[in-house]
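Written below as structure tokens is the structure these notes are about.
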Amino acid sequence: MSVIRLLVLGAVRQHGRTHGYQVRNDLEFWGAHEWSNAKPGSIYHALKQMAKEGLLRAHDTAPSPAGGPPRTEYELTPEGDAAYLDLLRAALRAHDERIDVLTGAVGFIVDLPRAEAIALLRERVAALEGWSAEVHAHWTPQSTPAEWGHIGEVMRLWLHNAASDAAWTRGLIERLEGGAYVMAGEGERTVEVLPEGMANPFG
């Protein structure tokens, strides 16, 4: 899955209509340039490419009264909105995507209704448990670990990471069930990435 498409579509969507510099600023404010491939060049390329694909609608703006150059502003088309939500849902339920994909999805999880987000996360837990059971049954050293040598540590690492991932996901499910966060359809929420007054750690 392309995390840059998820991030860019999500950033544009939260503003309704915005320009590339704002998208870049949002993602840098979030630190996405540190944990994903959301670098300036890839952000602007993704905006232009998705406009060509019909996922974004581009609007040329007038030059700034202060003398700055005109900027192209973008908004999601209906196709872009559907593509974004499909990417978000797939990233939340998948157990085998890279951590940057999950990180991006969790950052935008509030764009889904609460019940749907919980259901997707439960799918994720089930997938992690199923994968762990398969590894444990067929790949993990049992009675003769010496025959596996240090390679057995690979399987133990897989199982440890899956168990940790599942535990974190269950915790998020509990928090959502307890009413945490303002989810889609539950009222207005800020478009700020960090709480008011908190310094940008990547600034």
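Miscellaneous remarks
- Some residue of region 56-69 being buried (at least 22 other Cβ atoms within 10 Å of the Cβ), within 17 Å of the chain's Cα centre (by Cα) and not hydroxyl-bearing (S, T, Y): no
- Filter result (modelled with pLDDT under 75 and in a helix (DSSP H, G or I)) within region 137-148: P145, A146, E147
- Helices (runs of 4 or more DSSP H) wholly inside region 16-77 that include at least 1 residues being more than 15 Å from L6 (Cα to Cα) and at pLDDT 90 or above: 20-29, 40-52
- Condition check for I118: in the same structural domain as A163 (by TED's automatic domain parsing) and either among the hydrophobic types (A, V, I, L, M, F, W, C) or more than 14 Å from the chain's Cα centre (by Cα) (or both): yes
- Residue in region 162-169 that is acidic (D, E), modelled with pLDDT under 90 and under 21 Å from the mean Cα position of the chain (by Cα) present: no
- Within region 99-135, the set of residues being buried (at least 19 other Cβ atoms within 10 Å of the Cβ) and not in a helix (DSSP H, G or I) comprises F108, L112.
- Test set (1) out of contact with any helix residue (DSSP H, G or I) (no Cβ under 6 Å at 6 or more places or on another chain); (2) at pLDDT 95 or above; (3) among the charged types (D, E, K, R) - E134 fails condition number: (2)
The values are calculated or read from the model by the stated rules, or taken from the named source; none is laboratory data. Model, not experiment: these values are computed from the prediction. When we count neighbours, we look across all protein chains shown, and the Cβ atoms used for this are built from the backbone with ideal geometry, even at glycine.
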